[in-house]
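Student: Take a look at the following structure, please.
The values are calculated or read from the model by the stated rules, or taken from the named source; none is laboratory data. Not measured: the values here are computed from a predicted model. Cβ placement follows ideal geometry from the backbone for every residue including glycine, while neighbour counts extend to all protein chains displayed. Remember, those area values only see protein heavy atoms, side chains included, never the ligands or the DNA or RNA. Shrake-Rupley method; radii C 1.70, N 1.55, O 1.52, S 1.80 Å.
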Amino acid sequence: SPFTVTFQRGETYSGQALYQEAAQHPTGTHILSDKPVAVTMKDDLLEGFTIWGSTCKDLIGDQLVPVSKIGDQYIVTKGKLNGNEFAYVVATADNTNLFMDGLPVTVLNRGAAFTLVISPGSHFIESTEPIYLLQMTGIGCETSAALLPSVECSGSSSVRFVRTTNEDFYLFISVRTGFEDNFLLNGNGQAIPAGGFQPVPGSNGAWQAGLFLMDPLLVPVGQPMEVENTGDIFQLGILNGAPSVTGTRFGFFSDFGKLQKLDTLF
């Protein structure tokens, strides 16, 4: 049922699911605002025992972006959870055809959600209308999640980040074919080798992607790092953590594109 909340500057509103079961969680909520707002989502105590083993219980979530910043082409690369991972799609228009690795998956109406199983390697997700795509990944049984940037209308020529802990640290990188050999890490042209990239299935050879485990000598804890590509824009995410100790930190730091209107669907 539609309702309105009026804010003063600095005020917040939080909506909460009534039950813990995934099937009882809301989706497809359409948010409109007449002034800029920040919208985040989170889910706590995700237990992956039956899927990924052990007794991990984790918090996942991310800040969302307006409809104007999403797209219809995404690359998802599996992280380091034990077994397959998941990606979650939310459609923003009726009769949205969804494809994975060049094959049709389903047809979604506005506000509908769909779960994709992410097997090892990279996958090309495409749709006939703009969609949101949230990836759940992690290390071992420690889960995390992040909203992914669309590849066809966003990206960065350089991305800065800091390694938080001395646990395993991975970079998710995708770039257009032909620019795999143009990466620099704080000026080092050998740290992200072109041989670490593979063609993304279903992209007709247009995209390359890779998951890179970074040596702590190359990426020390607490030191500002910069990845740049001297030939084209790219998408970059980080994954930092341990299998069953402190959890994982996961996020994409690439540019999501230019804001056009305040209109969010999640």
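Student: Given the stretch 112-191, what strands (runs of 3 or more DSSP E) lie entirely inside it while holding 3 or more residues that are more than 15 Å from the chain's Cα centre (by Cα)?
Tutor: Values: elements: 113-118, 122-140, 142-147, 158-162, 168-176, 183-185.
Passing ranges, in order: 122-140, 158-162, 168-176, 183-185.
Student: Can you work out which of the residues in the stretch 41-76 that are under 24 Å from residue 124 (Cβ atoms) and polar (S, T, N, Q) is surrounded by the fewest Cβ atoms within 10 Å (Cβ to Cβ)?
Tutor: 68
Student: When residues of the stretch 205-231 are filtered for being of a type outside the set (Phe, Trp, Tyr) and free of Cβ contacts under 8 Å to residues at least 60 places away in the same chain, how many remain? I'd like the intermediate steps shown before the answer.
Tutor: Initial filter on the stretch 205-231 (of a type outside the set (Phe, Trp, Tyr)): 205-206, 208-211, 213-231.
Retained after the next criterion (residues that are free of Cβ contacts under 8 Å to residues at least 60 places away in the same chain): 205-206, 208, 213-221, 230-231.
So the count comes out to 14.
Student: Would you pick out the residues in the stretch 192-203 that are without any contact (Cβ under 8 Å) to a residue 60 or more places away in the chain, assigned to a loop (DSSP other than H, G, I, E, B) and open to solvent by 40 Å² or more (accessible area, probe 1.4 Å)? Break it down stepwise before answering.
Tutor: Start the filter on the stretch 192-203 by keeping residues that are without any contact (Cβ under 8 Å) to a residue 60 or more places away in the chain, which leaves 192-197, 199.
Next, only the ones that are assigned to a loop (DSSP other than H, G, I, E, B) stay: 192-193, 197.
The answer is 193, and nothing else.
Student: Give the stretch 27-40 a look and list any residue that's of a type outside the set (Val, Ile, Thr) and either loosely packed, with under 12 Cβ neighbours inside 10 Å or under 14 Å from residue 61 (Cα atoms) (or both), or say none. Step through it out loud before you land on a result.
Tutor: Within the stretch 27-40, the first condition is being of a type outside the set (Val, Ile, Thr), and the residues that meet it are 28, 30, 32-36, 38.
Within the stretch 27-40, 34, 35, 36, 38 meet the criteria.
Student: Does the stretch 75-83 contain at least one residue that is in a loop (DSSP other than H, G, I, E, B) and over 24 Å from residue 213 (Cβ atoms)? Full working, then the answer.
Tutor: Filtering the stretch 75-83 down to residues in a loop (DSSP other than H, G, I, E, B) leaves 78-79, 82-83.
Narrowing further to those that are over 24 Å from residue 213 (Cβ atoms): none.
There is no residue in the stretch 75-83 that is in a loop (DSSP other than H, G, I, E, B) and over 24 Å from residue 213 (Cβ atoms).
Student: Restricting attention to the stretch 124-142, and to residues there that are touching a Ser or Thr at 6+ places or on another chain (Cβ under 7 Å) and of a type in the set (Ser, Thr, Tyr), which single residue is farthest from residue 255 (Cα to Cα)?
Tutor: Of the residues in the stretch 124-142, the ones touching a Ser or Thr at 6+ places or on another chain (Cβ under 7 Å) are 124, 127-131, 136-142.
Keeping just the survivors that are of a type in the set (Ser, Thr, Tyr) gives 127-128, 137.
On the way: 127: 20, 128: 22, 137: 20 Å.
Looking at the filtered set, the residue picked out is 128.
Student: Can you work out which of the residues in the stretch 253-266 that are open to solvent by less than 50 Å² (accessible area, probe 1.4 Å) and part of a loop (DSSP other than H, G, I, E, B) is modelled with the lowest pLDDT? Explain how you work it out, then say what you get.
Tutor: Filtering the stretch 253-266 for residues open to solvent by less than 50 Å² (accessible area, probe 1.4 Å) gives 254, 256-257, 263-265.
Remaining after also requiring part of a loop (DSSP other than H, G, I, E, B): 254, 256-257.
Working: 254: 86, 256: 85, 257: 73.
Looking at the filtered set, the residue picked out is 257.
Student: Additional query: Just give me the residues in the stretch 215-252 being at pLDDT 90 or above and part of a loop (DSSP other than H, G, I, E, B), in sequence order.
Tutor: 215, 216, 217, 218, 219, 220, 222, 223, 230, 231, 232, 233
Student: Confirm whether residue 210 is open to solvent by less than 40 Å² (accessible area, probe 1.4 Å) and under 22 Å from the mean Cα position of the chain (by Cα). Even if it seems obvious, please write down each step before you answer.
Tutor: On the way: open to solvent by less than 40 Å² (accessible area, probe 1.4 Å): yes; under 22 Å from the mean Cα position of the chain (by Cα): yes.
Yes, satisfied.
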